[in-house]
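Only the coordinates and a few stated rules stand behind these numbers; no lab work does. All values reported here derive from a predicted model rather than from experimental measurement. Cβ: placed from backbone, ideal geometry, glycine included. Neighbour counts: every protein chain shown.
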Amino acid sequence: MNSAKNAPNPAKLTPNLGLKHRNSFGLDSTAELAYEITSADQLPALMKELGDKKLAWRVLGGGSNVILPESLLGATLLIKILGQEIIKADQKYSWLSVGAGVNWHELVSWTLEHDLPGLENLALIPGTVGAAPIQNIGAYGVEIGEYIDSIEAFDAVAHAFVTLPQEACQFAYRDSYFKQNPNRFIVTKVVFKIPKSWQARLQYADLAKQFSEENSSPSAKQIFDAVCAIRSQKLPDPKVIGNAGSFFQNPIVSTEQCEQLVQQFPSLVSYPDSNGKRKLAAGWLIDQCGFKGKRVGSVGVYEKQALVLVNHGGGTSTDILNLAKSIREEVLKKFHVKLEIEPNIL
Ligand code: EPU
């Protein structure tokens, strides 16, 4: 038997790869050793090698939710595992298996073309399918966790592939088991379970407004188009201005604290949280502190949405983190609320 015949091609290595065009903030960063992973079966040998050499490693997906330092020492894994297919269907659900390197928005379009509605509220979110469950991406009243059947990943601690069913993923607002265990799992494949009984999800104010009485039962495609239009209006296009979407999470506070704040600030924006608490609109808090549109050197706060920090060009991770620090201090001083940074600081 010729075992070499079945061995996977090793992951392609590029030393000193510039990442400026691989992160949506447009930060200048160099990966000392960049490995391109095109197939899951490249991981066991590579991870063993990195372990033997005691090299640090991290995964970079679409680079849309990270703050990169000037240099990333050790190994940076670029996940390029592609492909999507419907693997199973019954009367109630369709199961869709998708490679971690597939572009998220392209997948959403693909599902609509293949008559699998459900993900349309999550249109135009940048990044990859593999990164989506880590922070449990969510928008317009939908979170990805509810559509996930299971996740396949390489577990660097057990040095083996694992399949985590939805219950094990501990999805919560912008959180998951993967986020709680950083540098352990490399997501290779996501299996979605999409209900066949589709219903429009229009509870979110911005969408409810779009679909008034004239068209109160829009199609999934119409919702997709509306979400794309709303996002393009409110959020900066990373190809034009560097950014990583929402820079802070919407903070969750007790109902009592929220009531006290409303007494002091009657126009405070808040929503009920699934655990009986209140979620505050961080964008509103930051806006009220006068930061919207403010520029500090090469970085700033987006003029149309105070929750988004932007790199006007030439900004560094230090510039961004310094601006974030002054925002957090002002919000804490004015509202006694602590903001948590949303993107991963590598
Ligand atoms: N607001 C202001 N001033 C601002 C920004 C917002 O007053 O500068 C107020 C708005 O008037 C609105 C409220 O804050 O009443 C909420 O704003 P918006 O609807 O824009 O949503 P968000 O809470 O700021 C969240 C997500 C977004 C997601 C939208 C839509 C987080 C951290 N962010 O933003 O996610 O697209 O809801 O569902 O949960 C992302 O994570 O990168 C992201 C863009």
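So what is Rg over Rh here for region 236-345, counting just Cα atoms and using Kirkwood for Rh?
0.99
Please give the contour-minus-distance gain from SER39 to GLU167: 0.36 nm per residue of separation, less the Cα-Cα distance, rounded to one decimal in nm.
Fully extending the segment from SER39 to GLU167 adds 43.5 nm.
Using modelled backbone amide H atoms (1.01 Å from N, in-plane), which distant-in-sequence or interchain residues come within less than 5 Å of ALA34's amide H?
Here the answer is THR14, ASN16, LEU17, THR76, since their amide H atoms fall under 5 Å of that of ALA34.
Over the chain, with a Gaussian network built from C-alpha contacts below 10 Å, which listed residue (SER197, SER109, SER29) shows the highest mean-square fluctuation?
Its mean-square fluctuation being the largest, the pick is SER197.
What length, rounded to one decimal in nm, is gained on full extension from HIS21 through to GLN260, with 0.36 nm per residue of separation minus their alpha-carbon distance?
Using 0.36 nm per residue and subtracting the Cα-Cα distance, I get 81.5 nm.
Based on DSSP H runs of at least 4 residues, each adding -39500 (n - 2.57), what is the mean residue ellipticity at 222 nm of the chain after dividing by all its residues, to the nearest 500 deg cm²/dmol?
Roughly -7000 deg cm²/dmol at 222 nm, from the helical runs in the chain.
Just need the relative contact order of region 84-195 here, percent rounded to a whole number, with Cα pairs under 8 Å and 6+ apart. If you can, show how the numbers build up before the last one.
Working: 218 pairs, mean separation 35.3, N = 112.
Normalised by residue count, the contact order of region 84-195 is 32 percent.
Check each of the trypsin sites (Lys or Arg not before Pro) in region 26-69 and keep only those in coil by DSSP with at most 14 other C-beta atoms within 10 angstrom; list them in order.
LYS53, LYS54
Run the numbers for ALA7 and ALA89: contour at 0.36 nm per residue of separation, minus the present Cα-Cα distance, in nm. Don't skip to the answer; put the middle values down first.
On the way: separation 82, 0.36 × 82 = 29.52 nm, distance 3.27 nm.
In short, 26.3 nm is gained.
Report the FRET efficiency, 1/(1 + (r/R0)^6), for VAL240 and SER71, where r is their Cβ-Cβ distance and R0 is 41 Å, rounded to 0.05.
0.95
DSSP H helices in the chain with Cα extent of 15 Å or more along the helix axis and mean Kyte-Doolittle hydropathy at least 0.0?
Values: long enough: 220-234 (21 Å, 0.02); 317-335 (26 Å, -0.17).
TM-like helix candidates: 220-234.
Which of the pairs LYS304/LYS333; LYS239/LYS333; LYS80/LYS179; LYS179/LYS338; LYS279/LYS334 have their Cα atoms more than 25 Å apart in this structure?
LYS239/LYS333
Taking the beta-carbon count within 10 Å as an exposure proxy, list GLU120, GLU49, GLU113 from fewest neighbours to most.
GLU113, GLU49, GLU120
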